[in-house]
Amino acid sequence: MATTPASVQAKAKPKLGLRAWMEVVLVEYERAAAGLDADAVHDLRVAIRRCRSLADGLRAMDPDPSWKQMKKAGKKVFQALGGLRDMQVMQHWIEKLSSADDPVAVKLLDHVRAREVECKQEALKELQQFDRKQWRQWSRSLPRRAARLRLGSIVFKHLALEKWTAAYNLHKRALHTRSQTAFHELRIGIKRLRYTVENFLPREHAAWGADLKDLQDFLGEVHDFDVLWKTAVHISAFPDLKSRTRWRQKLTEERSKRLDRYREKMVGKQSLWRVWRTELPAGPQLRAAALARLRIWASYLDPDFLHSERVARLSLSLYDGLKQAGLMAQNGEHDSRAVLHAAALLHDVGKAEGDKAHHKDSFKMVRNLAPPLGWSARELQLAAVVARYHRGALPRPRKKSVQILELPERRVILQLAGVLRLANSLDTRNGIQPHLKVVLDEKVVLVRAEGYSPLDRSAEEVAAARHLLELVLRRPVLVRRLREKAGPHPAAGSS
């Protein structure tokens, strides 16, 4: 059934989160292995489902392969217990909805009890193969990785919006088709939204938690009745048409009650769908949340992400200065500044594969990344091209990475690549954010950068890096020292 047992609620209440639920899996494993009674099976499945759901959300930001491995290990046990759980739930409903002398109930119970024995044997076999030692190791390492993300932050609101969007689409499909499969998938979608909110958004969970649980229960019981009817038909449990009609009517009535309660909450102008959506990112906030998701993803891969953040600030300062001087071409279809910002944050993710030719690896990784809500696949593809040319060979027309650009886009994107390349060379890597100022002096672009010295070895890199920007701007770019001001450093550009 859909209700979470008090035993699991009591264990989880003091400290919700991945570590707590991974520990619950180990505790409930011992209970389940001792006899596979209904409560223990349900509790173990709930704990595994929560861990897998959390892993599914977190691996969207953290690409560490351990998330996928943990999900796979939990899936095997979860599925092995699934058939057994179905039999136990069915037995509960048969006994609740019928009398002991009902011939249909008697036949159904005989079938369910026989199948329960078989399912227990299959479940025990899979439980014996469950690697608890490896699970314990994951229960220590994975929560540490997850702890880098702050509960209630914008990235988790963005993740919840993804789950909301998926569940809402399933809601519309279910109301349109009214099929059993559609309502079952809707329940799963709401369940994923519930777990995301419960574990990552404490404020929203306080307001939404009870309703999310009720909806999950309503739809879970609808699914229980659907499975019960299919089973009765499959084993020919009805001795005559009268008994078949009676059972069909009984299950339809119970099913309709739950669906009516669901519709009361979720259909109409005051539906909970609308209430929840107003609390999640929209408009400019959605764009910012999507960029925050990209930032987090990069931070898990980039071995020196502080450098990339400094480069991002320098890039935006340089871009703003050039734009104010009227030198930056614009593309009305895409936000060029946002594309540059993303490219700067992501330009070194390829170092996760090794330092050699990491700019090419960055291009591939960013290009293959699923775009977060609020960003288009094309914008992310453009950011990948900009990141590709932060170093290395110049972007020649015959390069495959250049050929994916439409002709109207090329000048804009190559200008952004020139900006990123120069900004990357200007970072002193001493942990201090340099400040720069752009001045248009006749036909020369003068970039004054704090901390720059023509006598430093890095000056050679700067001289080489400005070449691409000179080509795309069609004018010389000179870099000079910006005299440091006394007192605290001023903020570098916009971010």
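The values are calculated or read from the model by the stated rules, or taken from the named source; none is laboratory data. Not measured: the values here are computed from a predicted model. Cβ atoms come from the backbone with ideal geometry, glycine included; neighbour counts cover every protein chain shown. With ligands, DNA and RNA removed, areas are computed over all heavy atoms of the protein, side chains included. Shrake-Rupley method; radii C 1.70, N 1.55, O 1.52, S 1.80 Å.
Remarks
- The mean of 1/r over all distinct Cα pairs in region 304-361, once inverted, gives the Kirkwood hydrodynamic radius of 12.5 Å.
- When peptides 319-326, 23-30 are ranked by their average number of other Cβ atoms within 10 Å per residue, the highest-first order is 23-30, 319-326.
- D56 sits with roughly 60 Å² accessible to a 1.4 Å probe, with DNA, RNA and ligands left out of the calculation.
- Helical mean residue ellipticity (222 nm; -39500 (n - 2.57) per DSSP H run of 4+; nearest 500) of the chain: -23500 deg cm²/dmol
- Kirkwood hydrodynamic radius of region 106-147, Cα pairs, Å: 13.0 Å
- For region 106-234, the spherically averaged projection of the C-alpha convex hull amounts to 10.9 nm².
- For q = 0.16, 0.21, 0.22 Å⁻¹, Debye-computed log10 I/I(0) when each Cα of region 269-331 counts as one equal scatterer: -0.77, -0.95, -0.98
- Rounded to the nearest 10 Å², the accessible area of I188 at probe 1.4 Å: 50 Å²
- Two tests apply to each whole DSSP H helix in the chain, Cα reach of 27 Å or more along its axis and mean Kyte-Doolittle hydropathy of at least -1.0, and the ones passing both are 38-58, 65-97, 103-129, 154-177, 180-200, 202-234, 305-324, 407-426.
- L446 versus A207: modelled label distance in nm, points set 7 Å from Cα along the beta carbon direction: 5.3 nm
- Average accessible surface area per residue within the chain, 1.4 Å rolling probe, Å²: 48 Å²
- In this view, the solvent-accessible surface of L241, computed with a 1.4 Å probe and all protein chains in place, comes to about 130 Å².
- Scaled radius of gyration (Cα, divided by 2.2 N^0.38 Å) that region 226-352 gives: 2.05
- Percent antiparallel among DSSP beta bridges (both partners in the chain, rounded to 5): 50 percent
- Anchor K75: lysines whose Cα lies under 21 Å away (excluding residues fewer than 8 positions away in-chain): K120, K125, K133, K163, K191
- The DSSP beta bridges internal to region 356-482 are antiparallel in roughly 50% of cases.
- Principal axes of region 203-294: Cα extent on each, largest first, Å: 63, 29, 21
- Accessible area of region 229-342 belonging to carbon and sulfur atoms, whole % at 1.4 Å probe: 50 percent
- The chain - convex hull of the alpha-carbon atoms, volume per residue in Å³: 186 Å³
- Surface share of carbon and sulfur [accessible, 1.4 angstrom probe, percent] for region 77-162: 47 percent
- Cross-link pairs exceeding 23 Å in C-alpha to C-alpha distance, out of K172/K230; K351/K400; K72/K230; K230/K257; K76/K107, comprise K172/K230; K72/K230; K76/K107.
- Kirkwood Rh and Cα Rg combined as Rg over Rh, evaluated for region 129-188: 1.21
- Only alpha carbons enter this Debye calculation for region 34-114, each as an equal point scatterer, and the log10 of I(q)/I(0) it gives at q = 0.13 Å⁻¹ is -0.54.
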